[in-house]
């Protein structure tokens with residue numbers, strides 16, 4: 001069995017863009033005709049440039065190789081060009097291709113991917129979702145409305161979710177960390193109070209940020225939200241100085257979660273050694289693929305840390321996260337976009353189900369998804385924006401800050 005052919009789908013997501021503006025799905029086919037799918041979650045260059053990177057990584061390190069040799073192929077990509085260090089773009093490309101290899105192997109052996117990664121530890125995986133506007137909500141106002149967020153929280157709890165995430169803490173900008181505006185601290189407190197009053201102890205609250213703050217700013221905000229007992233405080237500072245996370249973790253009595261912008265065990269290992277996080281959130285389409293992320297999870301287990309695979313991408317990475325989660329003794333939960341997403345689910349033939357806030361271990365071979373190539377080709381991404389983008393304007397300390405969820409198209 002040898003890897004022979006590569007196809008790449010750059011799929012534009014319909015408004016409001018839950019999961020980002022586009023998803024990059026790769027298809028690998030062996031010389032004997034077995035096809036596997038993976039997803040690349042790397043967004044620092046545009047899709048045209050990323051296509052070229054994916055093609056180069058495949059041709060240079062994987063084509064003609066057995067899909068079984070994931071360790072060998074990873075070491076080739078990780079060492080490419082005399083690097084041997086985390087490279088977000090190259091390893092992101094490899095991650096999606098590596099996931100496709102596992103899909104091939106599972107199909108060849110007629111077993112789900114989790115069975116090849118150590119077997120089933122968890123029959124059901126606890127799921128969580130961001131809070132999203134309900135159909136009758138005015139979307140532009142939702143993100144700063146405690147009342148609407150509380151109503152959405154109760155809706156999701158009644159659907160069976162036992163954990164809910166929100167990010168009311170102001171803008172994430174190209175300027176690096178900042179001190180939170182008093183507006184944003186006040187809104188965060190009012191949001192958490194309203195949600196806690198609505199759902200009581202029926203659900204954990206996950207407080208999301210996107211690396212907005214300096215360590216000192218993160219500590220100020222963390223002190224304000226501690227009374228509401230969030231299960232985690234997500235990515236409170238930028239990911240470019242791993243040692244700074246320890247400063248926040250030591251000062252705030254909320255578990256620190258981070259990892260969606262990190263790649264390979266080198267970065268996660270440094271974070272663990274510093275004591276900077278208690279919940280790791282690798283995105284399998286960026287962190288090195290399934291085998292590398294399994295290693296990250298093993299490191300976390302040794303440090304008493306949990307794994308909560310990150311998802312703000314498409315359904316192929318979602319499937320990979322689920323198979324990984326089935327195998328982990330230190331799994332906390334897996335991220336979902338509501339109960340699958342209006343575009344996610346049709347793209348994989350509704351082959352993943354969130355039932356009363358949990359996902360059962362898949363039983364079908366490979367990733368167990370029915371990827372709809374025709375639907376993917378019918379929704380090409382033709383824009384020039386990145387998957388997600390940070391704003392250039394600084395935090396507004398005078399008039400307050402608005403955040404619009406999703407990644408809606410210009411049209």
Would you mind stating whether residue 299 is farther than 24 Å from residue 20 by Cβ and either surrounded by fewer than 19 Cβ atoms within 10 Å (Cβ to Cβ) or at pLDDT below 95 (or both)?
-> yes
Name every residue in region 236-257 that is in contact with a helix residue (DSSP H, G or I) (Cβ under 7 Å, 6 or more places away or on another chain) and in contact (Cβ under 8 Å) with a residue 40 or more places away in the chain, in order of residue number.
-> 237, 254
Among the candidates 327, 284, residue that is in contact (Cβ under 8 Å) with a residue 40 or more places away in the chain, more than 22 Å from residue 156 (Cα to Cα) and surrounded by fewer than 24 Cβ atoms within 10 Å (Cβ to Cβ) = 327
Within the bounds of region 50-62, is there any residue that is more than 28 Å from residue 19 (Cα to Cα), part of a loop (DSSP other than H, G, I, E, B) and in contact with a helix residue (DSSP H, G or I) (Cβ under 9 Å, 6 or more places away or on another chain)?
-> yes
Among the numbered criteria (1) farther than 22 Å from residue 265 by Cβ; (2) surrounded by fewer than 16 Cβ atoms within 10 Å (Cβ to Cβ); (3) within 25 Å of the chain's Cα centre (by Cα), which single criterion is violated by residue 119?
-> (1)
Selection from region 134-165 of residues that are within 18 Å of residue 341 (Cβ to Cβ) and in contact (Cβ under 8 Å) with a residue 40 or more places away in the chain = 139, 142, 156, 159, 160, 161, 163, 164, 165
Output yes when any residue across region 34-42 is closer than 17 Å to residue 385 by Cα and more than 17 Å from the chain's Cα centre (by Cα), and no when none is.
-> no
Of all residues making up region 330-363, the number that are more than 28 Å from residue 374 (Cβ to Cβ), assigned to a loop (DSSP other than H, G, I, E, B) and touching a residue at least 40 places away in the same chain (Cβ under 8 Å) | 5
Can you pull out the residues in region 74-103 that are surrounded by 23 or more Cβ atoms within 10 Å (Cβ to Cβ) and closer than 22 Å to residue 2 by Cβ?
-> 77, 93, 94, 95, 96, 97, 98, 99, 100, 101, 102, 103
Exception for residue 356 within (1) out of contact with any helix residue (DSSP H, G or I) (no Cβ under 9 Å at 6 or more places or on another chain); (2) farther than 22 Å from residue 204 by Cβ falls at (2)
Run down 283, 320, 313, 302 and say which single residue is in contact with a helix residue (DSSP H, G or I) (Cβ under 9 Å, 6 or more places away or on another chain) and over 18 Å from residue 270 (Cα atoms).
-> 320
Count of region 7-49 residues which are in a loop (DSSP other than H, G, I, E, B), surrounded by fewer than 19 Cβ atoms within 10 Å (Cβ to Cβ) and in contact with a strand residue (DSSP E or B) (Cβ under 7 Å, 6 or more places away or on another chain) = 1
Can you confirm whether region 130-149 contains a residue that is touching a strand residue (DSSP E or B) at 6+ places or on another chain (Cβ under 6 Å), at negative phi and surrounded by fewer than 17 Cβ atoms within 10 Å (Cβ to Cβ)?
-> no
From the list 376, 364, 319, 393, pick out the single residue that is touching a strand residue (DSSP E or B) at 6+ places or on another chain (Cβ under 8 Å) and surrounded by 17 or more Cβ atoms within 10 Å (Cβ to Cβ).
-> 376
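The values are calculated or read from the model by the stated rules, or taken from the named source; none is laboratory data. Because the structure is a prediction, the values reported are computed rather than measured. Neighbour counts are summed over all protein chains in view; Cβ atoms, including those assigned to glycine, are modelled from backbone coordinates with ideal geometry.
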